[in-house]
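Notes follow the structure.
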Amino acid sequence: MAAKPAHRLIGAGNKWPDATALLTIQMKRNSRRSFQVTPSSQSHISSEPTNGSPSGLLVDELSDFHFLGAIIVHGRRSNPSEPNIYEVIDGQQRITTIFLYLCAIVRVLSKKAEYAEASGLFQKYLVIARQTALVSNSKLHSGKDDRAQINFVFNDLLSDTGFSERVAPFKYKPLPTTSSDTGRLRTNYRCGCPVFRRPGR
């Protein structure tokens, strides 16, 4: 019997993007999607830095493309007024890593006071920017063990006053959690920030 998925991704549209284009994670397509990742995603990429960057770094240059493998999702029924929900069966680690790196990019842009670009990425790829009946307005609903860390990441992003004013009246609706806010997701987010601060990034 298959394990019940514990993470989810929320979105809209009737077609999942080709896995080979996942790295561009909807940069050119409808971004109203959110993912639910299964419990097997608990072994995220290594949190140990290698050569000053997190292991598993996906892109070195703008012209650097990598095949990320197939992503298997299962669409769930949802209220027509809400975004579509997809349970991620395979590809959780990749989606979570890309999500965390997008969060790191938003944080770096905010630190550089590039609030227009940061808020655009944030509202398009990371959150549902309107009222929702879902448990959270994050586009990634992680498993129980990771929820406090996802909440930490969003609180860190919104701790920048200039950025939070730019995305107002948005208010983050945290994932319900009883877990610790320390762990690999938080470490990978923190490791991603210096990578994207480098000149030329």
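Nothing in this text is a laboratory measurement; each read-out follows from the coordinates by a stated rule. In this text, all values refer to a predicted model and were calculated from it rather than measured experimentally. We place every Cβ from the backbone using ideal geometry, glycine too, and count neighbours over all the protein chains shown.
Simple spin-label estimate for Ala133 and Thr161 gives 3.9 nm between the two label positions (7 Å along the Cα-to-Cβ direction from each Cα).
Among the trypsin sites (Lys or Arg not before Pro) in segment 141-192, those placed in a DSSP loop whose Cβ has at most 11 other Cβ atoms within 10 Å are Lys171. Residue pairs exceeding 22 angstrom between C-alpha atoms, taken from Lys112/Lys139; Lys124/Lys144; Lys144/Lys173; Lys112/Lys173; Lys112/Lys144: Lys112/Lys139; Lys124/Lys144; Lys112/Lys173; Lys112/Lys144.
Segment Thr182..Arg77, full-extension length gain: 34.5 nm, with 0.36 nm per residue of separation and the alpha-carbon distance subtracted.
Taking 0.36 nm per residue of separation and subtracting the Cα-Cα distance, what length does fully extending Arg197 through Glu114 add? Walk me through the intermediate numbers first.
Values: separation 83, 0.36 × 83 = 29.88 nm, distance 1.27 nm.
So the chain would gain 28.6 nm between Arg197 and Glu114.
So for segment 71-201, averaging the separation of alpha carbon pairs under 8 Å that are six or more residues apart and normalising by length, what relative contact order in percent results? Present the calculation step by step, with values, prior to reporting the outcome.
Details: 166 pairs, mean separation 34.4, N = 131.
Reported relative contact order: 26 percent.
Were the residues from Ala168 through Phe67 laid out at 0.36 nm apart, the gain over their Cα-Cα distance would be 32.7 nm.
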